[in-house]
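The values are calculated or read from the model by the stated rules, or taken from the named source; none is laboratory data. Only a predicted model underlies this, so the values are computations on that prediction, with no experimental measurement involved. Every residue, glycine as well, gets a Cβ built from its backbone with ideal geometry; the counts of neighbours run over all protein chains shown. The area values use the complete protein model at the heavy-atom level, side chains included, leaving out ligands, DNA and RNA. Shrake-Rupley method; radii C 1.70, N 1.55, O 1.52, S 1.80 Å.
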2 protein chains.
Amino acid sequence: MRKVSIIGVGTSAFGKLQPGIIEIAVEACEKAIADAGIEKKSIKTFYLGNYAGEVLTGQALLAAMVARGLGLGVIPVTKVEGACASGGIALRHGIQAVATGEVDFALVAGVEKMTGVPTPKVTSALAGAVDQNLEGKVGLTFPGFFALAFRRYIHEFAVNEDLIHQVVVKSRGNALNNPICYLRKKTSLEDIKASYPVAEPLRQMDCCPISDGAAAAVICPAEIAKNFHANPVQILASTQTLGYTRLSDLSSLLSFEATVNAAKKAYQMAGITPADIDVAEIHDCFSIAEVIDSEDLGFFKKGEGAAAAAGGATSLAGTIPINPSGGLISRGHPVGATGLAQVYEIVKQLRGDAVNQVPNARTGLAHNLGGPGSTCTVTILRQQD
Amino acid sequence: MRKVSIIGVGTSAFGKLQPGIIEIAVEACEKAIADAGIEKKSIKTFYLGNYAGEVLTGQALLAAMVARGLGLGVIPVTKVEGACASGGIALRHGIQAVATGEVDFALVAGVEKMTGVPTPKVTSALAGAVDQNLEGKVGLTFPGFFALAFRRYIHEFAVNEDLIHQVVVKSRGNALNNPICYLRKKTSLEDIKASYPVAEPLRQMDCCPISDGAAAAVICPAEIAKNFHANPVQILASTQTLGYTRLSDLSSLLSFEATVNAAKKAYQMAGITPADIDVAEIHDCFSIAEVIDSEDLGFFKKGEGAAAAAGGATSLAGTIPINPSGGLISRGHPVGATGLAQVYEIVKQLRGDAVNQVPNARTGLAHNLGGPGSTCTVTILRQQD
């Protein structure tokens with residue numbers, strides 16, 4: 001396997017966007033290609049992460065549509081789907097394609113267009129990642145799933161629920177000056193507790209907003225990366241795992257095996273420990289998700305994540321800054337785009353030009369989770385020497 | 001790149017099936033794994049081709065759902081989509097994963113569940129592979145698209161339209177004794193012409209039927225293939241190409257560049273010519289498609305495919321037997337499954353135990369096409385020495 005680096009990243013705006021799903025994806029890709037300074041004809045494979053393109057916009061065959069919109073050549077173009085981890089899966093496939101020597105330049109992107117559609121339709125599309133034979137039938141949705149996890153967490157670890165809401169205060173604070181975030185409004189604990197209950201104890205502001213957006217990256221062999229970008233970011237590890245697909249199969253709601261396994265393998269591949277990570281973008285689809293993820297990824301012991309975060313450990317000045325971008329909770333969660341939006345932020349951090357720059361950030365981690373803990377990607381990145 | 005072989009194949013029945021989409025896929029996979037004689041824990045990556053799972057059944061995250069149903073381990077599982085070429089794309093990804101050395105054993109499958117849903121919803125889902133910004137809006141569907149191609153073909157080459165319908169007579173004849181085919185009824189030219197017009201000159205029997213089904217294959221390095229199956233089938237070439245996504249961008253309706261390019265590259269990789277192919281399964285979503293494909297793949301000169309087929313060249317005893325299984329036109333076209341159902345038939349042919357065995361078939365080709373000529377996979381297979 002060859003060493004691989006990211007030499008270009010780009011995103012669209014996130015939020016309620018006017019352009020269609022193809023245009024949003026093309027915009028992010030054009031920016032990533034320009035950032036990489038490569039010619040389009042160099043791109044020899046293209047992966048697009050997308051979850052519900054056809055359900056929400058009527059448009060299928062999206063990888064080909066976006067590739068034609070970009071003017072790519074006669075290359076393989078593939079849409080991949082793994083619910084909310086679709087973007088991370090696209091990234092991993094681009095990394096593998098270059099690492100194995102299949103191609104020298106891969107373009108990867110993720111996109112979702114979710115606004116302009118009645119909310120019940122979006123809710124129903126998102127619930128499509130629940131097992132329809134069993135748990136979809138009885139009305140399980142993701143807010144319901146994470147509300148159960150929230151309730152279990154505060155019971156099991158005797159944690160005041162305010163500590164969970166507090167995660168949102170931190171992330172919304174980070175988002176204030178990040179232009180790509182959908183929600184850039186100062187948010188207090190009181191605001192969150194006053195927002196309407198979605199599935200108690202989850203309040204509306206504990207949930208990432210429905211939004212549109214796209215993000216993209218260009219990948220090439222590390223040994224030639226500096227010919228294209230002064231500050232390439234090297235991939236130390238990229239993993240993708242299968243976990244449980246049913247709530248009823250989980251032995252605990254307090255940990256997701258897909259994350260634990262993806263992280264363990266990634267740290268091993270990178271030859272580092274969680275303590276070596278300087279900055280992380282993790283899958284905070286709900287406030288409680290960030291807490292569980294932060295423990296599953298090894299940043300805190302099980303049951304200690306909420307208190308640690310409330311104590312400032314995950315803030316920009318903390319021991320492990322988490323979601324300096326504002327996270328899904330502020331940026332929005334255009335499902336297919338999220339995995340690549342996270343990597344966009346980590347690349348910016350490791351280049352040293354992030355909006356909320358973490359001082360001396362040298363090694364970063366991105367964590368993307370799909371379904372009820374069903375599929376996970378973890379990517380570890382480092383400033384290329 | 002390592003040499004790669006198929007050591008196991010399996011399918012569900014095709015047609016109107018009682019079980020759900022996950023169960024159908026699991027059935028085909030279980031059969032392929034049993035055929036390969038490997039343990040499930042050997043499988044280190046899983047690709048599932050599926051087009052409209054969420055739109056038609058409400059079930060997303062299908063790769064994980066099927067993988068859990070099978071009891072696979074903590075491995076990467078990925079759904080890929082490229083409209084009607086989704087199955088071929090899954091196959092190619094399994095081949096690449098083994099060829100590049102990423103894994104030793106890959107499981108690939110394709111599935112679709114299309115019946116039990118109102119036909120207009122299915123038609124609309126299929127039309128999702130048309131560019132919705134431009135041509136979807138004005139009502140273009142795939143029957144409409146191929147009707148235009150049919151009309152252009154008979155005009156351009158002064159061919160009697162009966163020669164196009166005749167392709168169906170041949171394929172339906174092949175299907176008569178193939179138990180996995182959905183439509184196994186002797187069909188005459190008169191039957192076809194008497195069937196209702198879908199989009200003239202296409203009659204109902206010129207169109208593949210809406211159906212359910214799944215197919216799967218197990219792939220491993222050629223050098224160890226004989227440890228698992230007495231008659232492994234080696235992959236000589238596997239290609240995937242991008243073509244046009246809009247009817248209005250095509251310079252001609254009589255040829256699909258995605259096929260021409262995928263075939264050209266595949267013959268080159270395999271070091272053979274079309275004349276070396278003993279049997280082919282090609283993408284006959286409509287009668288006219290088989291004719292155009294047979295020319296694009298180099299079996300006949302442009303404009304001569306219809307007459308050659310009518311003269312028997314593509315029959316079981318012909319110079320290049322095409323769709324000995326009965327093709328999409330008889331087996332049905334559960335979109336995501338088709339690319340792997342084709343490979344199932346070619347593997348059976350090259351093992352010498354096909355239902356309609358082509359004598360001395362040593363080298364075979366499978367051709368899967370998605371969208372309005374937008375994405376294509378070509379796979380060339382040979383009896384392993």
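Could you look through region A:329-363, keep only residues that are β-branched (Val, Ile, Thr) and assigned to a helix (DSSP H, G or I), and pick out the one that is farthest from A:LYS31 (Cα to Cα)? Selected residue: A:ILE329. Taking the conditions (1) free of Cβ contacts under 8 Å to residues at least 40 places away in the same chain; (2) part of a loop (DSSP other than H, G, I, E, B); (3) polar (S, T, N, Q) in turn, B:SER325 satisfies each one other than (1).
Please work out if A:PHE150 is farther than 27 Å from A:ALA34 by Cα and open to solvent by 50 Å² or more (accessible area, probe 1.4 Å). No: the conditions fail for A:PHE150. Of the listed requirements (1) open to solvent by 20 Å² or more (accessible area, probe 1.4 Å); (2) touching a residue at least 24 places away in the same chain (Cβ under 8 Å); (3) within 7 Å of chain A (Cβ to nearest Cβ), B:GLU54 misses just one: (2). Within region B:129-186, being of a type in the set (S, T, N, Q) and within 14 Å of chain A (Cβ to nearest Cβ) holds for B:GLN132, B:ASN133, B:THR141. From the list B:ALA28, B:ALA60, B:ALA32, the lone residue that is of a type in the set (A, V, I, L, M, F, W, C) and within 27 Å of A:GLY58 (Cα to Cα) is B:ALA60. Does A:ALA215 satisfy being touching a residue at least 40 places away in the same chain (Cβ under 8 Å), within 25 Å of A:ALA63 (Cα to Cα) and buried (at least 18 other Cβ atoms within 10 Å of the Cβ)? Yes, satisfied. B:GLU30 fulfils the conditions (1) part of a helix (DSSP H, G or I); (2) closer than 23 Å to B:LEU236 by Cβ except for a single criterion, (2).
Taking region A:100-128 as the range and being in contact with an Asp or Glu (Cβ under 9 Å, 6 or more places away or on another chain), buried (at least 21 other Cβ atoms within 10 Å of the Cβ) and within 9 Å of chain B (Cβ to nearest Cβ) as the test, the residues that pass are A:ALA125, A:GLY128.
Do we have A:GLY88 as buried (at least 24 other Cβ atoms within 10 Å of the Cβ), more than 10 Å from chain B (Cβ to nearest Cβ) and in contact with a strand residue (DSSP E or B) (Cβ under 9 Å, 6 or more places away or on another chain) here? Talk me through it step by step, then tell me what you get.
Working: buried (at least 24 other Cβ atoms within 10 Å of the Cβ): yes; more than 10 Å from chain B (Cβ to nearest Cβ): yes; in contact with a strand residue (DSSP E or B) (Cβ under 9 Å, 6 or more places away or on another chain): yes.
It is true that A:GLY88 is buried (at least 24 other Cβ atoms within 10 Å of the Cβ), more than 10 Å from chain B (Cβ to nearest Cβ) and in contact with a strand residue (DSSP E or B) (Cβ under 9 Å, 6 or more places away or on another chain).
Exactly one residue among A:ALA237, A:ALA258 is within 21 Å of A:PHE145 (Cβ to Cβ) and either aromatic (Phe, Trp, Tyr) or within 14 Å of chain B (Cβ to nearest Cβ) (or both), and that residue is A:ALA258. Screening B:ALA67 on (1) at the interface with another protein chain (Cβ under 9 Å from one of its Cβ atoms); (2) open to solvent by 10 Å² or more (accessible area, probe 1.4 Å) shows it passes everything except condition (2).
B:ASN133 satisfies every condition listed in (1) touching a Leu at 6+ places or on another chain (Cβ under 7 Å); (2) surrounded by fewer than 20 Cβ atoms within 10 Å (Cβ to Cβ); (3) within 28 Å of B:LEU61 (Cβ to Cβ) except (1). Whenever a residue of region B:90-104 is part of a helix (DSSP H, G or I), its partners that are open to solvent by 10 Å² or more (accessible area, probe 1.4 Å) and of a type in the set (A, V, I, L, M), lying with C-beta atoms within less than 8 angstrom and at least six residues away or across chains, give the pairs B:ILE95/B:ILE235; B:ALA97/B:VAL103; B:ALA99/B:MET1; B:ALA99/B:ILE235.
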